Every structure is written in structure tokens, then in C-alpha cells.
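Worksheet for the structure shown next.
Each value in this text was obtained by applying a stated rule to the coordinates, not by laboratory testing. Not measured: the values here are computed from a predicted model. FYI the Cβ positions are ideal-geometry reconstructions off the backbone, even for glycines, and counts take in every protein chain you see.
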Amino acid sequence: MMKKLFYIPAVIGMLVLSSCADENLAPLAVFDTLQKGAYPRQVEVVNTEFDLANPSTSAVAYTVEFVDLEKGNLVDQYVINASFKDNSGGTNTKASTVYKTFSQSDFTTNADGFRQISITIPLSDLLTLFGLTINDVSSGDDFVIQTQLKLTDGSVFGSANSTDTVKGGAFRSLFDITAKATCPLASGKFVGDYKLELTTADVGGFGPIFGAAPPNVTLALVSGSSTKRSFKFTYLPDDYAFGPYTVTLEFACDKVFVSSINTGVGCGGGSITIVQGDVTGFNLADDSTIEFNLVEFDKDGGCGVPKVTHGVKLTKI
């Protein structure tokens with residue numbers, strides 16, 4: 001029997017796909033289970049990229065507050081790990097290692113009563129950590145920042161053991177940051193209204209991803225980044241209208257990178273995810289067209305449908 005999709009409002013605002021025949025399927029998470037852990041919640045993101053033109057001053061900077069049963073007072077340590085991905089065909093990839101560890105004495109209490117911390121990670125620090133020079137880093141390479149919360153009871157929480165719900169947009173969790181080595185864009189480039197169309201004909205298991213007649217979208221600046229632009233879309237708008245969701249595009253000198261999307265909907269086996277397909281290039285001097293690839297059902301949420309690749313083209317209006 002074909003899976004039937006429907007919307008179930010829950011206390012955490014989850015969207016759920018379910019089978020019309022399976023009465024045992026339940027929401028992916030409930031608040032009572034989520035509040036037993038801990039996570040860092042985004043307060044402010046100042047910068048999430050490294051400027052290759054200014055390596056001595058470029059830094060990732062952000063502020064998080066700690067969410068647990070006692071507003072962060074159960075957090076014993078905030079551990080920042082870093083790794084380097086050489087995406088340019090070189091051999092400079094470096095495994096994850098501890099960058100810094102912070103404790104309660106490093107935290108402050110914000111106006112809402114949560115313990116919080118502001119972090120600055122200079123590019124120069126990471127180059128030293130990995131024994132690299134700026135000549136070892138190319139456009140599109142990644143510095144991956146992964147954080148963990150160690151609680152006073154010995155438990156440890158990171159993105160690897162947190163639910164998809166906590167890592168979704170509603171909770172504003174900020175466990176991990178992928179900071180690309182890149183070239184800044186002028187604020188007036190790659191923004192404004194664009195016509196969205198698919199350059200491929202394949203349709204996913206539940207219908208056209210953006211609808212039979214995709215709407216125009218508006219590319220907007222992303223706080224904390226000169227190279228990221230985002231737009232909102234409704235998932236499966238013809239029959240279900242889930243969302244809206246945010247697609248974030250990152251323009252790294254000559255390549256376009258697309259953020260993964262956890263839809264928060266599924267058929268009892270996790271959430272459907274939409275991820276980037278083959279990486280595409282772009283012209284830094286021409287923002288009239290942008291093309292990228294998406295893979296729908298990279299994880300199918302237990303729906304039993306195959307992956308589908310979509311070529312997406314944005315044309316400036």
C-alpha cells in the first residue's frame with residue numbers, strides 16, 4: 001500500500017509522514033525525551049567562513065547558550081574539536097583533534113538566565129594546530145568545527161548522538177560549523193528575485209519536490225557570512241505543503257555548495273533528507289544564473305522510495 005502523508009501537530013512542531021496502515025508509528029521525538037540531554041543553542045553567529053585574502057585576521061566567531069534542565073549549569077565542559085578537509089585533490093586532510101576545552105569558569109550568565117560563551121577561532125590558530133600554511137589551503141577546502149557538551153554526570157552530547165529534531169532549525173542548535181576557505185562576495189551580488197526551474201525530469205516518490213509549477217524565490221544575505229545566500233521553499237507543495245525550509249547556498253570562489261536539509265518528516269524510520277549532489281561551478285562576476293544539484297531522499301525516512309537527483313537552475317528576474 002502506498003504510504004500516505006499527513007501533518008501531525010506535536011508539542012515540538014514536528015512534521016510526520018506515516019503509513020495509513022501502521023498505527024504504531026509515532027512522532028520522531030517528544031519533548032520529555034529531548035529535555036533529558038543538553039545542547040548549545042545559537043545566540044549569535046558573527047562569521048562562519050575563512051577569508052583566503054586576509055588569513056591573519058580571518059576568524060570564525062559565534063555565541064551559544066547551553067540548554068539543559070538547569071539552564072546550562074549541568075555543563076561541565078564545552079569541547080571544541082577541529083579537522084581539515086582538503087577538497088582540492090591534495091593530501092593535506094587532517095583528522096579531528098581537540099582545539100580548546102572550556103569550563104563553567106569560562107561561561108557567563110545571559111539575561112535569560114542561561115549559561116553562555118562567545119567563541120573566536122582564528123584561521124591562524126587552525127593552521128598552527130594542523131601544521132599547515134596558507135599555501136596549503138585552497139578555495140572550497142573545509143575546516144570542520146565539531147563541539148561536545150560534557151555534563152557533570154559524565155554524559156556527553158554532540159551532533160552524533162542528538163536527535164534530528166534537536167539538530168533542526170526550530171531548536172537553533174549549533175553543535176557543528178563547517179567553515180569554508182573562500183572569497184568574500186559584495187553584498188549586492190547573488191541577491192534578489194530568481195526564477196526557479198528544474199533541469200531534470202525525474203519526480204520523487206511523493207510528487208515534484210518544488211511543485212509542478214515551481215515558484216520564484218528570493219535570495220537573501222545570511223548573517224555572519226559574506227558568501228552565503230539563502231532562500232525559502234515549500235516541500236511537496238502540490239499535495240502536502242511541508243515547511244517552509246531554508247536552502248543555503250555558499251559561493252566559494254568558483255564553486256557552489258548547498259546546505260543539507262532535514263525535513264523533519266518521515267514514515268517511521270527517521271527523517272527525509274535532501275542533500276547536495278555533484279558540486280557545480282559559478283562565475284563570480286555574473287549572478288544572472290546559478291545552477292546546483294540536489295539529491296532528494298538521501299535518507300528516505302522509512303518511506304521505501306529511491307534517491308532522486310534534481311538539477312536546479314535559478315535565473316535572476
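Computed over neighbours whose Cβ is under 11 Å from that of Ala59, the net charge equals -3, Lys and Arg +1, Asp and Glu -1. A simple count of charges around Lys195, restricted to other residues whose Cβ falls under 10 Å of its Cβ and scoring Lys, Arg +1 and Asp, Glu -1, yields 0. Taking Cβ atoms as reference points and 14 Å as the exclusive limit, the residues near Glu49 contribute a net charge of 0, counting Lys and Arg as +1 and Asp and Glu as -1. Remark on Thr227: its backbone amide H falls under 5 Å from those of Leu185, a criterion applied only to residues 5 or more positions apart or on other chains, H modelled at 1.01 Å from N. GNM on the chain, alpha-carbon springs under 10 angstrom: the most fluctuating residue among Asn161, Asn92, Asn283 is Asn161. Comparing the chain with the 2.2 N^0.38 Å rule of thumb, its C-alpha radius of gyration ratio is 1.05 (two decimals).
From helices alone, the chain scores -1000 deg cm²/dmol at 222 nm; the rule is -39500 (n - 2.57) for each run of n ≥ 4 DSSP H residues, then divide by the residue total. Kindly flag which residue pairs out of Lys150/Lys232; Lys180/Lys313; Lys85/Lys307; Lys94/Lys228; Lys85/Lys228; Lys85/Lys195 have an alpha-carbon separation exceeding 31 Å in this structure. Pairs exceeding 31 Å: Lys150/Lys232; Lys85/Lys195. Residue-wise HN-Hα couplings along the stretch 212-219, as the Karplus relation 6.51 cos²θ - 1.76 cosθ + 1.60 with θ = phi - 60° gives them from phi, are 5, 10, x, x, 5, 10, 10, 7 Hz; Gly and Pro carry x.
Phi-derived couplings, Karplus 6.51 cos²θ - 1.76 cosθ + 1.60 at θ = phi - 60°, listed residue by residue for the stretch 131-146: x, 10, 10, 4, 6, 8, 10, 10, 4, x, 5, 10, 9, 9, 9, 10 Hz, with x used for Gly and Pro.
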